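K.L.:
Got a structure for you, questions after.
The values are calculated or read from the model by the stated rules, or taken from the named source; none is laboratory data. This is a predicted model, so every value here is computed, not measured. Virtual Cβ from ideal backbone geometry, glycine too; neighbours counted across all protein chains shown. Just the protein is used for accessible areas: all its heavy atoms, side chains included, with ligands, DNA and RNA removed. Shrake-Rupley method; radii C 1.70, N 1.55, O 1.52, S 1.80 Å.
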Amino acid sequence: MRVLYLDCPSGISGDMTLGALLDVGADPEILPRAVTALGLDAEVQVSWQHGERGHLGGTRVLVECGEGPARALPELLGAVERADLPDRVRERALTAIRRIGEVESRVHGVPLERVHLHELGGADTLVDLVGSFWLLESLEVEAVHASPLPAPQAPHSAPATMRILAGSGAVLVPDERHRELVTPTGAVILTTLARFERPAMRLERIGYGLGSRPDPGNATGAWLGESVAETGVVSVIETNLDDMPPNQLAPLAEDLLAAGALDVSITPILMKKGRPGHMVTVIADPERGRELAERLLRDSSTMGVRIGRAERMLAGRRFLEVEVPQGRVRVKVKEIEGRPVEVAPEYEDCRRLGDVREVMRLAAEAARRELGLP
């Protein structure tokens, strides 16, 4: 399965995404076709050229707009619905625009149909979104992944960007640069397409989309390749307990998870002399194994622990939000080789909305419809 990993140490924007996709091999003629399909020939000029940002060479895309209106949400949606586009490109663009509209609606407290997107309502936003999704389609990519994103200190993190990223699974890391690094357009491209995790892949090509500032390293990377089964090694830490009150085991598990364990399980067992007991099993990254073993020794009644290594294989996971009559619900999507195979509504979201079983049923059905699952 062909996958794309977007590496964003310097952030991401719409034009950086376009440049990265061109540089990794997408068909450049798609950009003028996108402009024409959207009916923007009289308003937009798109060009691209090779450039450098320090030691990085890549492609810089310029989307230059003449005099044109800042469009309200219904106008943006209408432009995409009328355009002659591949079906998946159109659906992704509509999803992204609606996401921007929902954020702006919450920020300003106005109905969706009255949302005016100001700088996000320009023709360049349409070209960035439709162009990115169409270029990706030309690469025949089946799954997109993204790196953690740099988060500069306020006020350099745009409120719209942060609201778009909220609930998407995006990983934000502190950054000392005092400027906007992730634009709302870049954020909505990622939340529409990507899982925020690094895939196991066999690399074919790599490209870079250059940002507008000439700072060294100011680029978004695009890694294109074939996915491989994701495997890894974990530490397995175990101990048997027969002299620790059961009501102390639950907080022990919680503390181990808070300290960085990947998983903690407690299994009833029968110990020597027929005494009932419990086996505590901790799964951890190898570099955290000794630390967690020492914590288990310190915080439980055990006199010793067993430490081993095990190979594991992981299914992919991502989250999507679905709308049910009771409200919005996050749904975990399990994926094998980038393809969805199962869904699981988040229990706490369903409980908050009322009848848990009914909300979970409706959310699962909505997610399956959206993903095309039986």
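K.L.:
Only one of these is under 30 Å from S235 (Cβ atoms) and either in contact (Cβ under 8 Å) with a residue 40 or more places away in the chain or not hydroxyl-bearing (S, T, Y) (or both): R339, R357, R312. Name it.
P.N.:
On inspection, the qualifying residue turns out to be R312.
K.L.:
Can you find a residue that is over 14 Å from D128 (Cα atoms) and surrounded by 13 or more Cβ atoms within 10 Å (Cβ to Cβ) anywhere in the range 59-68?
P.N.:
yes
K.L.:
A further question on this structure: Filter the range 337-372 down to residues that are of a type outside the set (D, E) and more than 28 Å from R92 (Cβ to Cβ) and give me whichever is most open to solvent (accessible area, probe 1.4 Å).
P.N.:
So the residue we want is R357.
K.L.:
Take the conditions touching a residue at least 40 places away in the same chain (Cβ under 8 Å) and within 30 Å of G14 (Cβ to Cβ) and apply them to G211. Does it pass?
P.N.:
Spelling it out, G211 is indeed touching a residue at least 40 places away in the same chain (Cβ under 8 Å) and within 30 Å of G14 (Cβ to Cβ).
K.L.:
For the range 17-27, give me the residue count where each residue is part of a helix (DSSP H, G or I) and open to solvent by less than 10 Å² (accessible area, probe 1.4 Å).
P.N.:
First, pick out the residues of the range 17-27 that are part of a helix (DSSP H, G or I): 17-23.
Cutting the leftovers down to open to solvent by less than 10 Å² (accessible area, probe 1.4 Å) gives us 17-21.
Counting residues in the range 17-27 that are part of a helix (DSSP H, G or I) and open to solvent by less than 10 Å² (accessible area, probe 1.4 Å) gives 5.
K.L.:
Additional query: When E140 is evaluated against the numbered criteria (1) within 30 Å of E311 (Cα to Cα); (2) open to solvent by 60 Å² or more (accessible area, probe 1.4 Å); (3) not basic (K, R), which criterion, by number, is the only one it fails?
P.N.:
So E140 meets the others, but not (1).
K.L.:
Out of the range 265-280, which residues are open to solvent by less than 90 Å² (accessible area, probe 1.4 Å) and farther than 15 Å from M244 by Cα?
P.N.:
Scanning the range 265-280 gives S265, G274.
K.L.:
Within the range 313-333, restricting attention to residues that are under 14 Å from the mean Cα position of the chain (by Cα) and open to solvent by 80 Å² or more (accessible area, probe 1.4 Å), which residue is nearest to R98 (Cα to Cα)?
P.N.:
Taking the candidates together, the pick is R330.
So that you can scan it fast, the table gives a plain yes or no per residue for (1) modelled with pLDDT of 95 or more; (2) part of a helix (DSSP H, G or I); (3) out of contact with any Pro (no Cβ under 6 Å at 6 or more places or on another chain); (4) under 26 Å from S138 (Cα atoms):
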{"residue": "L203", "(1), (2), (3), (4)": "no, no, yes, yes"}
{"residue": "G221", "(1), (2), (3), (4)": "yes, no, yes, yes"}
{"residue": "L224", "(1), (2), (3), (4)": "yes, no, yes, yes"}
{"residue": "I237", "(1), (2), (3), (4)": "yes, no, yes, no"}
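K.L.:
Within the range 122-136, identify whether any single residue is modelled with pLDDT of 90 or more and in a loop (DSSP other than H, G, I, E, B), and answer yes or no.
P.N.:
no
K.L.:
Restricting attention to the range 141-157, report how many residues are modelled with pLDDT under 90 and assigned to a loop (DSSP other than H, G, I, E, B).
P.N.:
Residues in the range 141-157 being modelled with pLDDT under 90 and assigned to a loop (DSSP other than H, G, I, E, B): 6 in total.
K.L.:
Having 3 or more residues that are of a type in the set (G, A, S), in contact with a Ser or Thr (Cβ under 7 Å, 6 or more places away or on another chain) and modelled with pLDDT of 95 or more is the bar; report the strands (runs of 3 or more DSSP E) wholly within the range 247-361 that clear it.
P.N.:
none
K.L.:
Would you check which residues across the range 158-169 are open to solvent by 30 Å² or more (accessible area, probe 1.4 Å) and either in contact with a helix residue (DSSP H, G or I) (Cβ under 7 Å, 6 or more places away or on another chain) or not in a helix (DSSP H, G or I) (or both) and list them?
P.N.:
Across the range 158-169, the qualifying residues are P159, R163, A166, G167, G169.
K.L.:
Same structure, new question: Here's a check for you: in the range 190-216, which residue that is more than 10 Å from the chain's Cα centre (by Cα) and open to solvent by less than 20 Å² (accessible area, probe 1.4 Å) is nearest to M162 (Cα to Cα)?
P.N.:
The selected residue is G211.
K.L.:
If you go through the range 170-183 one residue at a time, how many are open to solvent by less than 20 Å² (accessible area, probe 1.4 Å) and within 24 Å of S105 (Cβ to Cβ)?
P.N.:
Qualifying residue count, the range 170-183: 1.
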